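Worksheet: the structure to be examined is printed underneath.
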Amino acid sequence: MGLGLRSPHKVRRRFPAGGKRGRGAKGSGRPSPGRERQPPDGRSEPALDSHPRLSSEALGYFRRALSALKESPTTGEERELMVRNILKEVEAQALALSTNRTASRMVQELLEFSPLKPFCRVWAALRSNLRFLACHQCGVHVLQSALLQLPRLLGSSAEEEEVEDGKDGPMETLEELVLGLAAEVCDDFLFYCGDTHGSFVVRTLLQVLGGTILESQRARPRGSQSSEAQRVPAQECKPTDFEVPETFLNCLQDLSSCFLKDIAVFITDKISSFCLQVALQILHRRWPQFCAHLCNAVIDYLSTRNSSADGSPLLLFLRDQTSSRLLEQVLLVLEPPRLQSLFEDHFQGQLQTLAAHPIANFPLQRLLDAITTPELLSPVFEELSPALEAVLAQGHTGVVVALVGACRRVGAHQAQVLQLLLEAFHCAEPSSRQVACVPLFATLMAYEVYYGLMEEEGAVPAEHQVEMAAARALEEVTVLGSLLLQHLLHFSTPGLVLRSLGVLTGPQLLALAQSPAGSHVLDAILTSPSVTRKQRRRVLQTLKGRYVALACSRHGSRVLDAIWNGAALGARKEIATELGEQNQELIRDPFGHHVARNVALTTFLKRPEAWEQQQGAVAKRKRALNSILEG
């Protein structure tokens, strides 16, 4: 029998990895296409035919010029002259280039090479058509790329550039050009924020004015991620800060004040809402007081709408596709006291209902991600923990992972949540099943499903069969399963998970290390402060004899590099000796040859004494650095 008496759910359980939520994920790629908007005063945008088109000869010239620029030396007067000449041609045909699908990409690349003054001239050439470009499917990317050059160009000294007049008088500085763009956006804020393309300009402008580029806005590939990978918590996307003039921060305040004038639009409109979400992230870092003011405005507005039958009016908006995304960001930037009061006023008593909802479970995950105090974690845990298996069965695994992450972060309820996980995956009783928890958690499968057992309702759960488990290949590791194990390995006492890792066979541990998601579990073993050196060595020794296979794998080679970096001289000798036996195979492999270079395998094979001295010196420097950091 399964665990029918202990759980209302079916014995056989394969927990879904996670549910999708609409098209696209928050903070990644483009939002779903919305309707194109007309300006509020009824003006129509100029047709594309009224603007100059790019000739095929001009397109060919810029393609050849960009190719020659890429092949030229990275420094030198000749290259600088080439860049300036090409950008002078860009300035002359800026609008035609920026509205051509192929040429606009080349302009974006050319802007990355541009010195300060030619860059300003190109920007000035585009300025008279700013509104048209911001709402053009190609022109918007040129403007975005131009704004993203600010971290590099603001470091350039304008005084070093020779002052030169433009066609209509003295050339404006970069600072003046950016402030001019901000002023135009501010004058027609609702239009730019509500336009499918124009909203990207607003979002990038907010980041530039705040001196913070959000990594999630710039580095995520389009259309290549699973629904699991898309739901990365926003706080894991690391922003990049840079210095900006005081006028930029003042302008950021002015621009952000525009949100308060039409707060209802920014809460309910799908496209405009993205701008407010980005603003909250920037303001949280640069102007926390106004960020809190904006958050209160959002919460106050939603709390005064029609009450739902089952509680706070806010619950209705947690179930809405657009408003829930905004509330996710609000939850992540609220200060702990305000978060506590928000939970008590609106969330308490509704957590299980929210966890079961296909949309509302996502803002619930962000609430869990934002918890930093035991005073908030305790009531949340008490309310959610009885439904943990039900939440898993509904496919909302992200809620469970976020709850485990909160227990890790706060340092409370860790033993309790681990016990609940064992029960949910049907490996708590009999106790012999507990050593099988790692493959179950990693693959999000209950014990009976993973091992293909047919247990009748009411039957006593079978003991764990070690031989059966050893003979079974590891199933595919899921992203959320990997995150779950990483959290558990950072618990204060990760002994059970380490014992389960220790009974994996060599092929099973190798498969875990070679998995895109599973390889991060090995990272957690190597980096968790809760894992002792002895425990780490006991788990990793299973990989002996498989270092070559590890080195010749895309993800396994990264794991081997991490093992190498943390290994003592004796362990490094063992690894190098094993790799040296198949040196030629490593050199021929696209991943293995990088490992061979990192290990200095050629030196090890030909001059072992020199290799040992070199490694000893590296270890000595590492110990000295560690003593400085710890001191």
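The values are calculated or read from the model by the stated rules, or taken from the named source; none is laboratory data. Worth saying up front: this structure is predicted, and the values here are computed from it rather than measured. A quick note on method: Cβ atoms are made from the backbone with ideal geometry, for glycine too, and the neighbour counts reach across all protein chains shown. Accessible surface is based on the protein model in full, side chains and every heavy atom, while ligands, DNA and RNA are left aside. Shrake-Rupley method; radii C 1.70, N 1.55, O 1.52, S 1.80 Å.
For the stretch 374-420, a residue qualifies if it is acidic (Asp, Glu) and over 18 Å from PRO363 (Cβ atoms), and the qualifying residues are GLU375, GLU382, GLU389.
Residue-level check: of (1) modelled with pLDDT under 95; (2) assigned to a helix (DSSP H, G or I), LEU209 misses just (1).
One line per residue, one yes/no per condition, for (1) of a type outside the set (Gly, Ala, Ser); (2) in contact with a helix residue (DSSP H, G or I) (Cβ under 8 Å, 6 or more places away or on another chain); (3) without any contact (Cβ under 8 Å) to a residue 40 or more places away in the chain:
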position	(1), (2), (3)
LEU440	yes, yes, yes
ALA471	no, no, yes
THR478	yes, yes, no
GLY502	no, yes, no
GLY506	no, yes, no
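Residues of the stretch 521-530 that are surrounded by 22 or more Cβ atoms within 10 Å (Cβ to Cβ) and farther than 14 Å from ASN565 by Cβ: VAL521 alone. Taking residues in the stretch 345-366 that are of a type outside the set (Val, Ile, Thr), and partners anywhere that are assigned to a helix (DSSP H, G or I) and open to solvent by 30 Å² or more (accessible area, probe 1.4 Å), the pairs with Cβ atoms closer than 7 Å and at least 6 places apart or on different chains are GLN348/PRO379; LEU351/GLU383; GLN352/GLU383; ARG366/LEU332. Number of residues in the stretch 344-358 that are surrounded by fewer than 20 Cβ atoms within 10 Å (Cβ to Cβ) and among the hydrophobic types (A, V, I, L, M, F, W, C): the value is 1.
Scanning the stretch 522-546 for residues being in a helix (DSSP H, G or I) and closer than 22 Å to ALA442 by Cβ gives a total of 15. Of the set (1) modelled with pLDDT of 95 or more; (2) closer than 15 Å to LEU209 by Cβ, all apply to GLN277 but (2). If you check GLU215 against the conditions, is it surrounded by fewer than 19 Cβ atoms within 10 Å (Cβ to Cβ), within 30 Å of ALA370 (Cα to Cα), at pLDDT 50 or above and touching a Pro at 6+ places or on another chain (Cβ under 9 Å)? Considered against the rule, which asks whether it is surrounded by fewer than 19 Cβ atoms within 10 Å (Cβ to Cβ), within 30 Å of ALA370 (Cα to Cα), at pLDDT 50 or above and touching a Pro at 6+ places or on another chain (Cβ under 9 Å), GLU215 comes out as yes.
Among the residues of the stretch 100-118, write down those that are assigned to a helix (DSSP H, G or I), in contact with a Leu (Cβ under 6 Å, 6 or more places away or on another chain) and open to solvent by less than 10 Å² (accessible area, probe 1.4 Å). ALA103, VAL107 - these are the residues of the stretch 100-118 that are assigned to a helix (DSSP H, G or I), in contact with a Leu (Cβ under 6 Å, 6 or more places away or on another chain) and open to solvent by less than 10 Å² (accessible area, probe 1.4 Å). From the residues in the stretch 547-586 that are open to solvent by 20 Å² or more (accessible area, probe 1.4 Å) and assigned to a loop (DSSP other than H, G, I, E, B), which one is modelled with the highest pLDDT? For the stretch 547-586, the residue satisfying everything is CYS552. When ALA517 is tested against (1) assigned to a helix (DSSP H, G or I); (2) at pLDDT 95 or above, exactly one condition is not met: (1). A count restricted to the stretch 93-140 and to residues that are under 30 Å from the mean Cα position of the chain (by Cα) and not hydrophobic (A, V, I, L, M, F, W, C) stands at 12. The set of residues from the stretch 264-299 being under 15 Å from ASP188 (Cα atoms) and open to solvent by less than 30 Å² (accessible area, probe 1.4 Å) comprises PHE266, SER272, CYS275.
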